[in-house]
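The values are calculated or read from the model by the stated rules, or taken from the named source; none is laboratory data. All values reported here derive from a predicted model rather than from experimental measurement. Every residue, glycine among them, receives a Cβ derived from its backbone with ideal geometry; neighbour counts consider all protein chains shown.
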Amino acid sequence: MWFFKPTEIAKIAMKIEENGVAFYQTLAGKTEEPEAKALFEFMAGEEEQHYQNFQVLADKLEGYDIQTFENDYEDYMRDLANNSVFATDVDPVAMAEGVSSVPEAVDLALDFEKDSILFYLQFKKMVPEEEKFGIDEIIDEEHKHVHQLLTIKKLYTTTREEFYIPKGDLGDAEI
């Protein structure tokens, strides 16, 4: 039995974006690197716009019921919401203050953007057909953010090894 309502998912998305605003504003205030500062300020503005878009969507989805999803899907959405980089119970300011370099900040931001894309792709399945385009626009913007972050990271890394820092047991990326 599905317990989430689409409006509740929109509110989770709003919290994710709110955390993103605080994260990027903190990074922008912390960095003295001009290109990174400009990007972080831009990203904070983008996340604020996404927050407003989800707020409008939440209002539109009030009272809207969705088809029944399997329990596994509900668990999956709950796990996505609770385990994203900017889950609803994290302190984005503390996360931003904890980074010591632009590449480290960018890596954390990349995780956030990727988590957001994954969450929004699943959320899109729950909204009426006429509202899907709004979620698609935000997903497209999040993809652009990933590209912008990777571009900035290239400016602040000097070697291929530094750019492709392995995470966990996944090993080095080969491109």
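A few comments on the model shown:
- Condition met for Ala94 (out of contact with any Asp or Glu (no Cβ under 9 Å at 6 or more places or on another chain), under 18 Å from Glu142 (Cα atoms), modelled with pLDDT of 90 or more and loosely packed, with under 14 Cβ neighbours inside 10 Å): no
- Selection count where residues are in a helix (DSSP H, G or I), polar (S, T, N, Q) and modelled with pLDDT under 95, scope region 12-68: 5
- Against the test of being of a type outside the set (D, E, K, R) and in contact with a Phe, Trp or Tyr (Cβ under 9 Å, 6 or more places away or on another chain), the options Phe133, Phe119, Phe112 yield a single qualifying residue, Phe112.
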